[in-house]
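These notes are about the structure you will find just below.
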2 protein chains.
Amino acid sequence: MIKTAHGAIETPIFMPVGTAGTVKGVHQRELVHDVKAQIILGNTYHLYLRPGIEILHEAGGLHHFISWEKPILTDSGGYQVYSLSARRKITEEGVAFVSHIDGSKHFFTPEKAIEIQREIGADFLMAFDECTPFPCEYDYAKSSMQLTHRWLKRCCTEFDSSDGIHGYGQTLFPIVQGSTFKDLRKESAEVIASFGREGNAIGGLSVGEPAGQMYEITEQVCSILPKDKPRYLMGVGTPANILECIGLGIDLFDCVLPTRNARHGLLYTAKGIMNMKNARWKDDFSPIDESSPCETSRTYSKAYLRHLLHSKELLGSQIASLHNLSFFLWLVQEARRHIRAGDFLSWKNKIVVEIQQRL
Amino acid sequence: MIKTAHGAIETPIFMPVGTAGTVKGVHQRELVHDVKAQIILGNTYHLYLRPGIEILHEAGGLHHFISWEKPILTDSGGYQVYSLSARRKITEEGVAFVSHIDGSKHFFTPEKAIEIQREIGADFLMAFDECTPFPCEYDYAKSSMQLTHRWLKRCCTEFDSSDGIHGYGQTLFPIVQGSTFKDLRKESAEVIASFGREGNAIGGLSVGEPAGQMYEITEQVCSILPKDKPRYLMGVGTPANILECIGLGIDLFDCVLPTRNARHGLLYTAKGIMNMKNARWKDDFSPIDESSPCETSRTYSKAYLRHLLHSKELLGSQIASLHNLSFFLWLVQEARRHIRAGDFLSWKNKIVVEIQQRL
């Protein structure tokens, strides 16, 4: 349980990604009533470029702007600067980059990333880091990690010398980096832990490395980060990834997978994965998922959803997104239940096989 | 009030268009609870091509296929054959055409149009007609109208010699044609009325002619069609068109305008029309329409909707579609209320000016 100015969050939890102030294809009230989302994520890079910080400031922050009363976490903008911007140049001072929308030039520093996130008004802010790609040379990973640590100091100074500007408190999470190198990860986790912030994140995973390596590093880093503070594994992942990493001590997850794959017709269920574009569903008039907690998945048929996706109808993306997000939130709810009951591991080992089957 | 196997419909009413078995961007439950739709329209041409009649047959009809329990009206498929198909050839027997989706060849006859609509299982079926374009030569309009009348006989023969195949009754509406020529419209309305079907439609309007001409023909045709049976003006129109034609005796309307224009950012309200992409809304944090009956329009702000539309986010289309449809259904509900109160004309003359203002 994590308390915020916008209510409490049960952990472990999955955070739907609302990149530009909207979880794609899903109404805010559906996030609350159907998906049972407790917190969503916003991307600082996207929000900074559009609608822009001035608008978000005038709106009184992102919560007001998008009519969302529950907690929000924002990333620092760094990840998208590296992955989306056509050109970017990293220096000690910060990152110069060019907007992927209109080619305009911008400069992010650790201080500016905090300032922007203060304006956005997220409950959880992320420190400005460099997220190294996979694979990554050892020397680059090491100097990048050291830069991330130096930037973290600047983030903390900026954060600790400023207040929430929308009338409520916010929390800053630093990020462990170090690519796939164990000595770097150990060093980074120790440095990050030494800052003593209210929660900690693990970045630079789920960027292409084998799942086994992701689990090894997560286990190693979790053994160093304090257990009494939330641990957030950024950008992870598949339902199986999430369950395995809950087992390793992770509390917070976010990923575009449930919504992005939904738009491509890939559905996650407790019994396995369905590619809804397959011909085998064309005359299957049974509910999309009759055991789903989501009314939508129990109402519409597989054949109808297949038709909508084939016809590129908006409603296809809407239904599939609602379904997948509901499944992800159901999965972490079940995880919480089994953790409380003391049988998480046996449950996880069983369901992790089932949910990866191809239906 | 029109009774159907799927419940009663209050008139005058607007029917949201669910082309391919979905009102674009809107969940079925939203149509019921937010939009207050009482009946929706399906397009035979689209449904025939995708998902195809075999699937709809196996599903037990369109209602079951799309999980919609209220009435449905289907067009005959003719209009889309003329407007969407790359190549089509009209003969006495019917229309040969090529699918706009995959180039496959098909042939519609009046009998086949009825057979397909029996399978779709709509509550209201439309006769197979030729919809003439605007402008149209007199001679072509006349021979086309005569063909439509001969096809109507074949439609009625096919309809009257068959039964609803999904266990409930259906109703066939013939269609008045005759382009913009008064003598042809008079002849067609008299012929159509003479068939004595349970309801009648007016086709070939709202195809590019001036609004004044549309009203004149509607008035003329309504003076001939029986007043005790529903009169359906196909493909009409703007909120002002609808109000004027209610005044002329029309009971049923359908149009893609509220959803198509929503996706382009054009919103209809009781106070006028808003282009939500305009810069003037970028920092207007007031509700989209605080006097709207639709919760969504009272919840989200204009600035947020503008941001979503600019960012081409699905939620922008979803919110705008919900808003516009709710407005159209509110408008006809108000029309019914004022008809009952006996002050329809004075109300209509006042609001028709207001709703056309540009905000």
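The values are calculated or read from the model by the stated rules, or taken from the named source; none is laboratory data. Source: prediction; values computed, not measured. All Cβ positions, glycine included, derive from the backbone under ideal geometry; neighbour counts span all protein chains shown. These area figures cover heavy atoms from the full protein model, side chains too; ligands, DNA and RNA do not enter into them. Shrake-Rupley method; radii C 1.70, N 1.55, O 1.52, S 1.80 Å.
Mind checking whether some residue in region A:128-142 is touching a residue at least 40 places away in the same chain (Cβ under 8 Å), outside any loop (DSSP other than H, G, I, E, B) and open to solvent by less than 40 Å² (accessible area, probe 1.4 Å)?
There is at least one residue in region A:128-142 that is touching a residue at least 40 places away in the same chain (Cβ under 8 Å), outside any loop (DSSP other than H, G, I, E, B) and open to solvent by less than 40 Å² (accessible area, probe 1.4 Å).
Looking only at region A:266-298, count every residue that is closer than 22 Å to A:Val23 by Cα and not in a strand (DSSP E or B) and tell me the total.
Qualifying residue count, region A:266-298: 10.
Given the structure, is B:Ile288 touching a residue at least 12 places away in the same chain (Cβ under 8 Å), of a type in the set (Val, Ile, Thr) and out of contact with any Pro (no Cβ under 6 Å at 6 or more places or on another chain)?
It is true that B:Ile288 is touching a residue at least 12 places away in the same chain (Cβ under 8 Å), of a type in the set (Val, Ile, Thr) and out of contact with any Pro (no Cβ under 6 Å at 6 or more places or on another chain).
Quickly run through region B:270-307 and pick out the residues that are within 12 Å of chain A (Cβ to nearest Cβ) and of a type in the set (Val, Ile, Thr).
Matches in region B:270-307: B:Ile288, B:Thr296, B:Thr299.
Determine, yes or no, whether A:Ser143 is among the small types (Gly, Ala, Ser) and more than 23 Å from A:Cys255 (Cα to Cα).
yes
Within region B:335-347, does at least one residue satisfy the condition of being over 21 Å from A:Thr19 (Cα atoms), open to solvent by 40 Å² or more (accessible area, probe 1.4 Å) and within 14 Å of another protein chain (Cβ to nearest Cβ)?
Checked region B:335-347: no residue is over 21 Å from A:Thr19 (Cα atoms), open to solvent by 40 Å² or more (accessible area, probe 1.4 Å) and within 14 Å of another protein chain (Cβ to nearest Cβ).
Looking at this structure, is B:Gln177 polar (S, T, N, Q) and open to solvent by 10 Å² or more (accessible area, probe 1.4 Å)?
It is false that B:Gln177 is polar (S, T, N, Q) and open to solvent by 10 Å² or more (accessible area, probe 1.4 Å).
Looking only at residues that are open to solvent by 60 Å² or more (accessible area, probe 1.4 Å) and among the hydrophobic types (A, V, I, L, M, F, W, C) in region A:266-307, which one is farthest from B:Arg29 (Cα to Cα)?
A:Ala279
Go through region A:308-330 and give me each residue that's at the interface with chain B (Cβ under 8 Å from one of its Cβ atoms) and open to solvent by 10 Å² or more (accessible area, probe 1.4 Å).
Within region A:308-330, A:His310, A:Ser311, A:Glu313, A:Leu314, A:Ser317 meet the criteria.
Scan region B:83-127 for residues that are open to solvent by 70 Å² or more (accessible area, probe 1.4 Å) and in a loop (DSSP other than H, G, I, E, B) and report the count.
Total meeting the criteria: 7.
When you check B:Thr171 against the structure, is it β-branched (Val, Ile, Thr) and out of contact with any strand residue (DSSP E or B) (no Cβ under 9 Å at 6 or more places or on another chain), yes or no?
Criteria not met by B:Thr171.
Could you list all residues from region B:253-288 that are among the hydrophobic types (A, V, I, L, M, F, W, C) and in contact with a Leu (Cβ under 7 Å, 6 or more places away or on another chain)?
Once the filter is applied, which keeps residues that are among the hydrophobic types (A, V, I, L, M, F, W, C) and in contact with a Leu (Cβ under 7 Å, 6 or more places away or on another chain), region B:253-288 yields B:Phe253, B:Ile273, B:Met274, B:Met276, B:Ile288.
Please work out if B:Gln356 is away from chain A (no Cβ under 14 Å), of a type in the set (S, T, N, Q) and outside any helix (DSSP H, G or I).
Judged against the criteria, B:Gln356 is a match.
So, in region B:94-117, how many residues would count as being in contact with a Leu (Cβ under 6 Å, 6 or more places away or on another chain) and modelled with pLDDT of 95 or more?
So the answer is 1.
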